[in-house]
Amino acid sequence: RQEEEKLRLSEERFRLMVDSVQDYAIFMLDPEGRVATWNSGAQRIKGYTAQEIIGAHFSKFYPEEALEQDWPAEELRRATAEGRFEDEGWRFRKDGTTFWANVVFTALHDETGALRGFAKVTRDLTQRRDSEESTRRLMQAEAARKAAEANAQQLQEAREQERRQREQLEVTLRSIGDAQLDRDRAGVLPHGA
């Protein structure tokens, strides 16, 4: 009786801990992929109450392209085969808005090895992804700015080189003109010219 009470208290504490987590959607799926449990983090992230979602197939969180590729079933196949599967991609909330999710599936087996379902943990990484995308765009803009500055510098150097060559050409042409004026009557250049 005492061992049963310890087990009951342990399970109660575990449920309390999981249900109190707000930053992660933590829930279980049955072996076919239907939602079996739902924590408050799942409700906060996905928008469904436990009463609305328990019994529904988890594929309702996926965009049409993923459904066309049968991606939800593939995730379960991989989690079953490998014991665990992790993925990132777009997911839907109840209100139809999307968010960038990191999802981890863990296959759950009983003591006989039979598949009992899956634990699924989902994190909303939209802000991190947006931040990384902004950083990437800023780095691209900075690289483009530096390339433009380098091109402008090269253009300036090329113009300066062209200006010096013109000056040299003008000096050479004047010298030739001066030399022709200095020719003697026989058309021979004066000595030393």
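The values are calculated or read from the model by the stated rules, or taken from the named source; none is laboratory data. Since the model is a prediction, treat every value here as computed from it, not as a measurement. Reconstructed Cβ throughout: ideal geometry from the backbone, glycine too, with neighbour counts over all protein chains shown. Ligands, DNA and RNA are stripped out before the accessible areas are found, and what is left, the full protein with its side chains, is counted by its heavy atoms. Shrake-Rupley method; radii C 1.70, N 1.55, O 1.52, S 1.80 Å.
Things worth noting here:
- Residue, nearest to Phe105 (Cα to Cα), within segment 14-32, restricted to residues that are open to solvent by 80 Å² or more (accessible area, probe 1.4 Å), charged (D, E, K, R) and modelled with pLDDT of 80 or more: Glu32
- Test for Arg116: is it open to solvent by 50 Å² or more (accessible area, probe 1.4 Å) and in a helix (DSSP H, G or I): no
- Of the residues making up segment 86-101, those that are open to solvent by 70 Å² or more (accessible area, probe 1.4 Å) and closer than 14 Å to Thr126 by Cα are Glu88, Trp90.
- Condition met for Thr37 (in a loop (DSSP other than H, G, I, E, B), of a type in the set (S, T, N, Q) and over 26 Å from the mean Cα position of the chain (by Cα)): yes
- Residue that is nearest to the chain's Cα centre (by Cα) [pool: residues in segment 55-100 that are assigned to a strand (DSSP E or B) and more than 22 Å from Arg44 (Cβ to Cβ)]: Phe85
Per-residue answers, yes or no, for (1) open to solvent by 70 Å² or more (accessible area, probe 1.4 Å); (2) closer than 30 Å to Asn39 by Cα; (3) in a helix (DSSP H, G or I); (4) not small (Gly, Ala, Ser):
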position	(1), (2), (3), (4)
Thr106	no, yes, no, yes
Arg136	yes, no, yes, yes
Ala150	no, no, yes, no
Arg163	yes, no, yes, yes
Arg166	yes, no, yes, yes
